[in-house]
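These notes concern the structure reproduced below.
The values are calculated or read from the model by the stated rules, or taken from the named source; none is laboratory data. Given the structure is predicted, the values throughout are model-derived calculations rather than measurements. Cβ placement follows ideal geometry from the backbone for every residue including glycine, while neighbour counts extend to all protein chains displayed. Surface areas here come from the heavy atoms of the whole protein model, side chains and all, with no ligands, DNA or RNA. Shrake-Rupley method; radii C 1.70, N 1.55, O 1.52, S 1.80 Å.
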Amino acid sequence: MLERIVSVIGLGYVGLPVAVAFGLKRRTIGFDINAQRITELKQGHDRTGEVTSQELQSADILFTDSIEELRQADFHIVAVPTPVDDAKQPDLSPMLKASETVGIALKKGDIVVYESTVYPGVTEDECVPILERVSGLVCGSDFTVGYSPERINPGDKEHTFTKIKKVVSGQDETTLEIVAQVYESVVTAGVHRASSIKVAEAAKVIENTQRDLNIALMNELALIFDKLGIDTNDVLEAAGTKWNFLKFKPGLVGGHCIGVDPYYLTHKAEKIGYIPQVILAGRRINDGMASFIAQRTVKEMIHTGHTILGSTVTVLGLTFKEDCPDLRNSKVIDIIRELEDYGVKVQVSDPLADPVEAQHEYGVTLIPYDQLQPAAAVVLAVAHLKYRELTVEDLSRLLSDFPVLIDVKGVVDQGEVKRLGIRLWRL
């Protein structure tokens, strides 16, 4: 097989690690419509923290926002976001616009592979017509397509792109083999050849749906146990001694994957006349947890004698998960908004989040940890390493009289908290 020249369209949390992996092996084209992002990458800086400056310098990547440069490649990987809108409906506009971009650069013999999460049928039914219309070429004879779902886990330095088995697919056997060989050249974990593009699309969307439902079960159990006055973490620790108990934990479910992908599957199901029940029930539970945590915070403050109106609460962490700077679809903002509805003054700190992005996306002003004022309650919302390394004494310095600590992730020492006279509640 002649070595393909790879382009990656979309250099975010998914696309950049893919581009770097190929760039460490061969000349690669890295394309993004964000000119500032391109400038930063050329300077060796990745704001997502997914790749190091050394990796950027070592990789042979032409970073560009010029469509003309894409013509150099004959194997195009599309890795743009696929969010949902305010009505929880799939927003395919980034993917469709990326298809227009690739269509302009498309040549005979090219292969286009999509990595973005979608419901079954999007690649062939939505994207291919755009590629054909813009390029003037015919899919199947002039060019072909494939789908290889992304499995990037932001902030995870162990399960990286090259170490996770890659599902690949193609519209025909020849394309499938080329796609498989291209990915095998960089993915040391190997590839799994799916029987069709739709199978690969479906496999991706159910991976996160399954995880979403497992967490929803834990969250519902947390709601029940809270009413029973039982500590959920203690229950899970006891149940976890059985060899086949799945060790999921309750928590906030945000981000660009688990909190979004199930809506792609339910959207498609509803279009074909099936109304999902279990999946949507899980989504409702998970989407309601931030409000529940805020309400429990207020109740705990009342129990210690605090006047809620005008009191101060500190929220530690704003990103959607620990040790990751990604603010997209963070459910912490829902806790903040709910507390503000009660008349609480909320001060927010996060060592990883970009202050400019936090202000732009949520109107939140991030306060450096060492500048936080004493608060009636502290909500430890995101278990960043910096916060996990704090002692209970450190946390107590953030609190005023009649202190309340809300430990969303269950990471603090209960004994030490009680010894210092702090009222503790954990999910």
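Restricting attention to segment 125-142, and to residues there that are under 18 Å from Lys97 (Cβ atoms) and of a type outside the set (Asp, Glu), which single residue is surrounded by the most Cβ atoms within 10 Å (Cβ to Cβ)?
Step by step, filter segment 125-142, then rank; the result is Cys127.
Mind checking whether some residue in segment 114-121 is in contact with a Lys or Arg (Cβ under 8 Å, 6 or more places away or on another chain) and under 21 Å from Arg4 (Cα atoms)?
Scanning segment 114-121, I find no residue that is in contact with a Lys or Arg (Cβ under 8 Å, 6 or more places away or on another chain) and under 21 Å from Arg4 (Cα atoms), so the answer is no.
Keeping to segment 138-154, report how many residues are of a type outside the set (Asp, Glu) and out of contact with any strand residue (DSSP E or B) (no Cβ under 8 Å at 6 or more places or on another chain).
The number of residues fulfilling the criteria is 6.
Quick one: which residue in Lys345, Lys299 is in contact with a strand residue (DSSP E or B) (Cβ under 6 Å, 6 or more places away or on another chain), open to solvent by 60 Å² or more (accessible area, probe 1.4 Å) and either more than 21 Å from Trp425 (Cα to Cα) or not hydroxyl-bearing (Ser, Thr, Tyr) (or both)?
Unique residue meeting the criteria: Lys345.
Return the residue satisfying two criteria in turn: it lies in segment 254-274 and is modelled with pLDDT of 95 or more and assigned to a loop (DSSP other than H, G, I, E, B), and of such residues it is least open to solvent (accessible area, probe 1.4 Å).
Out of the qualifying residues, it is Gly273.
Quick check: is even one residue across segment 375-393 farther than 29 Å from Ile230 by Cβ, open to solvent by less than 40 Å² (accessible area, probe 1.4 Å) and not in a strand (DSSP E or B)?
The answer is no, given that none of the residues of segment 375-393 is farther than 29 Å from Ile230 by Cβ, open to solvent by less than 40 Å² (accessible area, probe 1.4 Å) and not in a strand (DSSP E or B).
Hey, among Pro17, Pro81, which residue is under 29 Å from Gly190 (Cβ atoms) and assigned to a loop (DSSP other than H, G, I, E, B)?
None of the other options fit; the residue is Pro81.
Being over 20 Å from His256 (Cα atoms), in contact (Cβ under 8 Å) with a residue 40 or more places away in the chain, outside any loop (DSSP other than H, G, I, E, B) and open to solvent by 30 Å² or more (accessible area, probe 1.4 Å): is that true of Glu69 here?
yes
Considering only residues that are open to solvent by 40 Å² or more (accessible area, probe 1.4 Å), β-branched (Val, Ile, Thr) and not in a helix (DSSP H, G or I), which ones fall in segment 20-50?
Correct list: Ile33 only.
Hey, does segment 143-158 have a residue that's over 24 Å from Thr48 (Cβ atoms), part of a loop (DSSP other than H, G, I, E, B) and open to solvent by 10 Å² or more (accessible area, probe 1.4 Å)?
Checked segment 143-158: no residue is over 24 Å from Thr48 (Cβ atoms), part of a loop (DSSP other than H, G, I, E, B) and open to solvent by 10 Å² or more (accessible area, probe 1.4 Å).
In segment 100-131, which residues are of a type in the set (S, T, N, Q) and within 20 Å of Val260 (Cβ to Cβ)?
Of everything in segment 100-131, those that are of a type in the set (S, T, N, Q) and within 20 Å of Val260 (Cβ to Cβ) turn out to be Ser116, Thr117, Thr123.
Here's a check for you: in segment 295-326, which residue that is among the hydroxyl-bearing types (Ser, Thr, Tyr) and touching a residue at least 60 places away in the same chain (Cβ under 8 Å) is nearest to Gly49 (Cα to Cα)?
Thr319
Tell me, which residue of segment 316-330 that is open to solvent by less than 20 Å² (accessible area, probe 1.4 Å) and not polar (S, T, N, Q) is nearest to the chain's Cα centre (by Cα)?
Taking the candidates together, the pick is Asp326.
Look through Val102, Val80 and report the one residue that is closer than 30 Å to Arg283 by Cα and touching a residue at least 60 places away in the same chain (Cβ under 8 Å).
Val80
If a residue must be outside any helix (DSSP H, G or I) and surrounded by 18 or more Cβ atoms within 10 Å (Cβ to Cβ), how many such residues does segment 196-230 contain?
Total meeting the criteria: 0.
Examine segment 166-175 for a residue that is touching a residue at least 24 places away in the same chain (Cβ under 8 Å), among the acidic types (Asp, Glu), in contact with a strand residue (DSSP E or B) (Cβ under 8 Å, 6 or more places away or on another chain) and open to solvent by 20 Å² or more (accessible area, probe 1.4 Å), and state whether such a residue exists.
Yes, some residue in segment 166-175 is touching a residue at least 24 places away in the same chain (Cβ under 8 Å), among the acidic types (Asp, Glu), in contact with a strand residue (DSSP E or B) (Cβ under 8 Å, 6 or more places away or on another chain) and open to solvent by 20 Å² or more (accessible area, probe 1.4 Å).
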